[in-house]
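Working notes, beginning with the structure itself.
The values are calculated or read from the model by the stated rules, or taken from the named source; none is laboratory data. Bear in mind that the values here come from a model prediction, so they are computed numbers and not experimental data. Because the Cβ atoms are built from the backbone with ideal geometry, glycine has one as well, and the counts that use them run over all protein chains shown.
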Amino acid sequence: MNYFWKTVWLLLAVTSCAKPKTVAEPAQPKPSKDEILENAIGEVFHQLTLEPAGIYENERLSNYVSSVGKRIARCAPKSRAWQFSIIDDANVAGHALPGAHIRLTRGLLAYLSSEAELAAVLAHEIAHVGHGHTMEHWNPQLPPLGSGERAQQAFERDRDEERQADALGTEYLACAGYAPIAMAHALAALERALPSQEAHDPSDPHPAHPTRMARLALQADGRSGDWNRERYLKRIDRIPFGERAGARLDQARYVSPGELSFALPTRYDVELKNSLLTTKKGEPSLVIMRLSGKFWRAAIENVLASETHTVQSIAGARALVGTMSGGENAANIALVDGSRHSFVIAVSGGTAESREVLDYVLESARPAQSSEPPVRRIAIRSASTNTSFSRFMKASCPSTSLELGRALNGLRPNQRVAAGTVLKCVDP
């Protein structure tokens, strides 16, 4: 059994012991053996690729996205135990995982402008599941743990699959009572969200946006349906926009991925992203990461509990410290439970040098000194008079550039805005 599948079965064991509480759903048909395997693979892959971004913790918005997803899913030909997640990531993306698990990023929600457009993205991803595309591209040799680029390969589709998802998703929209043309509007929003040079890469498996939108307009054929624009905008009001502050390295070489700070040996050149620190230069390799959920914490604790370990007090926090055996995968690891977050510190190799690095980082731990900088947020504003879009932006959204306002709202500078129209800005 290769390393990936050992990880799969370990994490399945963890999740079977500690399932989160969920609202009761209608009874689902008994799944087949293939569906059980697909669900297991999807759940494990979801957890493996969740860090360091993590789930966006906004219960009201999460429940809203799930309700829209389930409205669409009722039009799918097969009943499944659908799951819908919002990832706390500024990138603009939506993914369908094996096992009927749909993920959207926080960044994507900022560029959509109606419930119908949200439903279109969900319908497209649900259609991928309905066509079996999620398992066609599943490759058990991909090591998603800590490997974002390789993990992304599992989401790749070809152009025929994208066309199928567009066409079937459009019919799901009509079936659920949404305007079918919203699929084209959602694609237009995605195009605005990307830099112009990335709007269509010839190597991109997605068909060119103008081609897709023209085809979808023909398929929509003027059929009407719900848009629910203001309801959607109220739901995304005040969500964070762009990259969060994340970990920072100060002049004393302390990094603060959360309420605790850790010092780094001078020989390391590091890369910081969100709450994750990895080393670009320096041996042995060092990783410091704040954990956003209970899954990884439970998995790491289970691993350490099965090895020789000690329990220490680190800056007033409890730390489980030990060595994970496994030949090339051996590492010295600490699981630190702060007052608000848990952190994992891992140094490659089970050697004395590796343990010295880990001890250095742990002994340096202290409460974080600096406060996080303010977070930019989506702000929903209403036009008080009839005006042009450029004038509205200048008067109501002075901290938002006209270019960003156009990307968020899909309006031209001289386009008329009626009094009472609700639009998106970004507050500093």
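Tell me which residues, restricted to segment 76-128, are assigned to a helix (DSSP H, G or I) and among the small types (Gly, Ala, Ser).
Gly107, Ala110, Ala116, Ala119, Ala120, Ala123, Ala127
Scan segment 321-359 for residues that are surrounded by fewer than 20 Cβ atoms within 10 Å (Cβ to Cβ), in contact (Cβ under 8 Å) with a residue 60 or more places away in the chain and assigned to a strand (DSSP E or B) and report the count.
Adding up the residues that qualify gives 2.
What's the total number of residues in segment 403-428 that are free of Cβ contacts under 8 Å to residues at least 40 places away in the same chain and of a type in the set (Val, Ile, Thr)?
Residues in segment 403-428 being free of Cβ contacts under 8 Å to residues at least 40 places away in the same chain and of a type in the set (Val, Ile, Thr): 2 in total.
Among helices (runs of 4 or more DSSP H) lying entirely in segment 147-266, which contain 2 or more residues that are in contact with a His (Cβ under 7 Å, 6 or more places away or on another chain) and either of a type in the set (D, E, K, R) or at pLDDT below 85 (or both)?
Answer list for segment 147-266: 159-176.
Right, Pro26: crowded, with 18+ Cβ neighbours inside 10 Å, modelled with pLDDT under 65 and in a loop (DSSP other than H, G, I, E, B) or not? Give the derivation first.
Working: crowded, with 18+ Cβ neighbours inside 10 Å: no; modelled with pLDDT under 65: yes; in a loop (DSSP other than H, G, I, E, B): yes.
Spelling it out, it is not the case that Pro26 is crowded, with 18+ Cβ neighbours inside 10 Å, modelled with pLDDT under 65 and in a loop (DSSP other than H, G, I, E, B).
For segment 389-409: of the residues being among the small types (Gly, Ala, Ser) and surrounded by 16 or more Cβ atoms within 10 Å (Cβ to Cβ), which is nearest to Leu109 (Cα to Cα)?
Ranking the candidates gives Ala407 first.
Tell me, please, whether a residue that is in a helix (DSSP H, G or I), touching a residue at least 60 places away in the same chain (Cβ under 8 Å) and over 30 Å from the mean Cα position of the chain (by Cα) can be found in segment 390-402.
no
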